[in-house]
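Worksheet: the structure to be examined is printed underneath.
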Amino acid sequence: MSQVAGVALTLFLVMDPLGNVPLFLAALRNVAPARRRFVLTRELLIALGVMAIILFLGRGLMELLHVTQPALATAGGVILLLIAIRMVFPSPDRPLAERVVDEPFIVPLAVPYVAGPSVLAIEIVLMQQMPGQWPLILLALVIAWAVSSAILLASSCLHRFLGERTLLATERLMGMILVIIAVQMMLGGIRDFFA
């Protein structure tokens, strides 16, 4: 059970729901208040579907492309590190938020805000590092997604209650934790390559 909790915590941190609260609010700004919960629920379910598909098909795709586990772990670490650095040191000229004109569909809420490249890369790495343990990884994924979804469904309340500064501070803290996870992934990939 501790292994499920560890994997779920890693996936939860990478999904970064608290950091996504301002991004979700900005993306849903032009959506009628009566439709926001429906759109948000739809996008969260699409994100879960994308993550589940990659969980089961990602490894086969990597084998088809002849991508080795050390290369995947290193690349996943690099992607995660770049995202984490942008979380810790946000730049006004390169914000994480994407421009949304009308009601969002798949992009940017489902992909890449929830099912982002770092989450998908970590899923594939986990499937390669823990062969035959897909039920455990799937359970951890569903737990991380459920907690993230609960936070994002309450995004308006959280934004009012915690305020912009607290959410920003939390996002930076999560970013620092993700930097550590990213460096560990890269070092693990490099070690496995030279082993």
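Just so it is clear, none of the values below were taken in a lab; they were calculated from the coordinates. The structure presented is a predicted model; accordingly, all values stated were derived computationally and were not measured. A quick note on method: Cβ atoms are made from the backbone with ideal geometry, for glycine too, and the neighbour counts reach across all protein chains shown.
See the values below:
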item	result
Condition check for residue 139: farther than 20 Å from residue 15 by Cβ and of a type in the set (A, V, I, L, M)	no
Positions within the stretch 3-50 being out of contact with any Leu (no Cβ under 8 Å at 6 or more places or on another chain), in a helix (DSSP H, G or I) and farther than 16 Å from residue 111 by Cα, in sequence order	5, 6, 9, 10, 33, 34, 35, 38
Of all residues making up the stretch 103-158, the number that are crowded, with 18+ Cβ neighbours inside 10 Å, among the hydrophobic types (A, V, I, L, M, F, W, C) and not in a helix (DSSP H, G or I)	1
Residue 31 being within 30 Å of residue 191 (Cα to Cα), in contact (Cβ under 8 Å) with a residue 40 or more places away in the chain, among the β-branched types (Val, Ile, Thr) and buried (at least 16 other Cβ atoms within 10 Å of the Cβ)	no
Residues located in the stretch 51-88, provided they are surrounded by fewer than 17 Cβ atoms within 10 Å (Cβ to Cβ) and in contact with a helix residue (DSSP H, G or I) (Cβ under 6 Å, 6 or more places away or on another chain)	88
Candidates 87, 62 - the one that is part of a helix (DSSP H, G or I) and either touching a Gly at 6+ places or on another chain (Cβ under 6 Å) or of a type in the set (Lys, Arg) (or both)	87
